[in-house]
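*Asks:* Questions regarding the structure given below will be posed in turn.
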Amino acid sequence: MDVTISPSRLSGTARAPPSKSYTHRAVLAAGYADGATVRNPLFSADTRATVRAVEAYGGSVTRTDDDLDVEGFDGAPVTPDDVLDCANSGTTMRLTAAAGALVDGATVLTGDDSLRSRPQGPLLDALGQLGARAESTRANGQAPLVVGGGLEEREVSMRGDVSSQYVTALLMAGAVTERGVDLELTTELKSAPYVDITLEVLDEFGVDAEVVGGDDSVVRSAGAGGFRVAGGQSYAPEGGEYHVPGDFSSMSYLLAAGALAAPDGLVVEGARPSAQGDAAIVDVLDRMGADIEWDREAGRIRVAESSLSGIEVGVADTPDLLPTIAVLGAAADGTTRITDCEHVRLKETDRVAAMATELERMGVDVEEYEDELVVHGGDLSAATVAGHDDHRIVMSLAVAGLVADGETTVEGADHVDVSFPAFFEVLSDLGAAVDRRATDG
């Protein structure tokens, strides 16, 4: 599907979709449990991949209205009958590879072209240190992966600057092993707030995990030297259910749209505080000069069109915000410098290069470095831009189209199904001129 966005003025109220990060973890935690109900999860292509994984490991998942009723495998996943297809979901592959390492036989995990190009080597090495069989079929640290045989050891060392999802995978699986897992990080941990999300979900499911070191009172995992989770634990949420919060990553596009194209303001609901690092988008917009106000108790953010100024912002802990910030910088006065972004190149696509390429097509002066993206603000020109098979690239470019000087067409826009399936419907309801066209294939 291609989508054409015309310059628009927005207003009204929208609700953020449920969090993708929390949904992945909650569904898998319910799988590790005897069972649980996951309330208000995100139903998307990525989270469906995690549902399939839980079912492949012996659980069953039933959708009832807006909830998921999960009958879990109670800490003892079975060897899947078939290859586990994780589609485009890196979170699914990494989190469920550790679950797959617990089976007596072998689990084979694969995905689409993009996922098969993403790094899994540090996780495979860590699982091997813990006694599991853990191989890349092409011996290149990428999927297809083969894991299994159980986790018999406790101590493991692993780098933390490629993906925090490796840490999440080991903590979730380690809780149901006999010995647990004592993880030492050999590098700085990137995306630390995502590990805080994991710790929050584990706590809600009655599982204790410990941060070793750490030097931040707000983000528990920031500066951590490692993590520790005791073995022999059981997953069991209070009352047998878990409620998924709203998603700040998805919310960032709506808030950016409001700051660029809502002269009378718009309101985003479902914005209650949580461990999500991407709540930093509120501070980013405030620093850029946006008219924005967050009622944390009510979970409502109001934002209005404002004259924005460029800033410098690091995304070491908030990699998913880079596309949104890049678009805000393109529409702002002055220069926006996005730093600490080398790991953002390892997502569904190289998001640093993708945003540089597509913003340049829209007439923006951009400088791309290995660990920085520098955006010189100015007028945006309408263009046909590529979505790079990446939901976050698609949504950020659609926001840019709201203030470009003509019709902007985003190719491959159907990839929003990964995290925000109703994105274009929500944008249209807020007043955006959106024309969707099916494409062959």
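The values are calculated or read from the model by the stated rules, or taken from the named source; none is laboratory data. This structure is a prediction, so every number in the text was calculated from the model and none was measured. In this analysis, Cβ positions are derived from the backbone assuming ideal geometry, glycine residues included, and neighbour counts consider all displayed protein chains.
*Asks:* Among the residues of segment 324-335, is any among the polar types (S, T, N, Q) and either more than 15 Å from Leu397 (Cβ to Cβ) or in contact with a strand residue (DSSP E or B) (Cβ under 7 Å, 6 or more places away or on another chain) (or both)?
*Replies:* So far as segment 324-335 goes, yes, one or more of its residues are among the polar types (S, T, N, Q) and either more than 15 Å from Leu397 (Cβ to Cβ) or in contact with a strand residue (DSSP E or B) (Cβ under 7 Å, 6 or more places away or on another chain) (or both).
*Asks:* For segment 230-245, give me each residue that is touching a Ser or Thr at 6+ places or on another chain (Cβ under 9 Å) and buried (at least 24 other Cβ atoms within 10 Å of the Cβ).
*Replies:* Tyr242, Val244
*Asks:* Could you give every pair whose Cβ atoms fall below 7 Å, whose first residue belongs to segment 51-70 and is modelled with pLDDT of 95 or more and among the polar types (S, T, N, Q), and whose second residue is surrounded by fewer than 17 Cβ atoms within 10 Å (Cβ to Cβ) and not in a loop (DSSP other than H, G, I, E, B), counting only separations of at least 6 or pairs across chains?
*Replies:* So the pair list comes out as Thr62/Asp69.
*Asks:* Can I ask one more? Working only within segment 372-427, note down all residues that are buried (at least 23 other Cβ atoms within 10 Å of the Cβ) and of a type in the set (S, T, N, Q).
*Replies:* Ser396, Thr408, Ser419
*Asks:* Checking the conditions here, which among Thr339, Thr439, Thr384 is among the hydroxyl-bearing types (Ser, Thr, Tyr), touching an Asp or Glu at 6+ places or on another chain (Cβ under 8 Å) and at pLDDT below 95?
*Replies:* Every option except Thr439 fails the conditions.
*Asks:* Moving on. Of all residues in segment 253-305, count the ones that are assigned to a loop (DSSP other than H, G, I, E, B), touching a Pro at 6+ places or on another chain (Cβ under 9 Å) and closer than 24 Å to Gly401 by Cα.
*Replies:* Selection size over segment 253-305: 1.
*Asks:* Among the residues of segment 339-374, count how many are part of a helix (DSSP H, G or I) and either acidic (Asp, Glu) or touching a strand residue (DSSP E or B) at 6+ places or on another chain (Cβ under 6 Å) (or both).
*Replies:* 7
*Asks:* Please pick out the residue among Val147, Val103 that is of a type outside the set (Phe, Trp, Tyr) and either touching an Asp or Glu at 6+ places or on another chain (Cβ under 9 Å) or within 14 Å of Leu183 (Cα to Cα) (or both).
*Replies:* Val147
*Asks:* Related question: Scan segment 65-83 and tell me whether some residue there is under 30 Å from Asp350 (Cβ atoms) and not basic (Lys, Arg).
*Replies:* The answer is yes, given that some residue of segment 65-83 is under 30 Å from Asp350 (Cβ atoms) and not basic (Lys, Arg).
*Asks:* Test of understanding: among Glu135, Glu153, which residue is assigned to a loop (DSSP other than H, G, I, E, B), of a type in the set (Asp, Glu), free of Cβ contacts under 8 Å to residues at least 60 places away in the same chain and assigned by TED's automatic domain parsing to the domain that holds Gly72?
*Replies:* Step by step, each of Glu135, Glu153 is checked, and only Glu153 is assigned to a loop (DSSP other than H, G, I, E, B), of a type in the set (Asp, Glu), free of Cβ contacts under 8 Å to residues at least 60 places away in the same chain and assigned by TED's automatic domain parsing to the domain that holds Gly72.
Here is a yes/no grid of residues against (1) within 28 Å of Thr384 (Cα to Cα); (2) without any contact (Cβ under 8 Å) to a residue 24 or more places away in the chain; (3) crowded, with 20+ Cβ neighbours inside 10 Å:
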| residue | (1), (2), (3) |
| --- | --- |
| Ile292 | no, no, yes |
| Arg296 | no, no, no |
| Ser307 | yes, no, no |
| Asp317 | no, no, yes |
| Thr335 | yes, no, no |
| Leu346 | yes, no, no |
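*Asks:* While we're here: Go through (1) free of Cβ contacts under 8 Å to residues at least 24 places away in the same chain; (2) touching a Phe, Trp or Tyr at 6+ places or on another chain (Cβ under 6 Å); (3) among the β-branched types (Val, Ile, Thr) for Ile301 and report which single condition fails.
*Replies:* (1)
*Asks:* Another question, if that's okay. Could you please find all residues in segment 172-198 being under 13 Å from the mean Cα position of the chain (by Cα) and in a loop (DSSP other than H, G, I, E, B)?
*Replies:* Ser191
*Asks:* Taking segment 199-229, which residues are part of a strand (DSSP E or B) and at pLDDT 95 or above?
*Replies:* Of everything in segment 199-229, those that are part of a strand (DSSP E or B) and at pLDDT 95 or above turn out to be Ala209, Glu210, Val211, Val212, Ala224, Gly225, Gly226, Phe227, Arg228, Val229.
*Asks:* Further question on the same structure: Determine which member of the set Asp203, Asp208 is loosely packed, with under 15 Cβ neighbours inside 10 Å, closer than 17 Å to Ser274 by Cβ and either in the same structural domain as Leu322 (by TED's automatic domain parsing) or among the acidic types (Asp, Glu) (or both).
*Replies:* After applying the criteria, what remains is Asp203.
*Asks:* Of all residues in segment 276-289, count the ones that are buried (at least 22 other Cβ atoms within 10 Å of the Cβ) and more than 10 Å from Phe248 (Cα to Cα).
*Replies:* Selection size over segment 276-289: 3.
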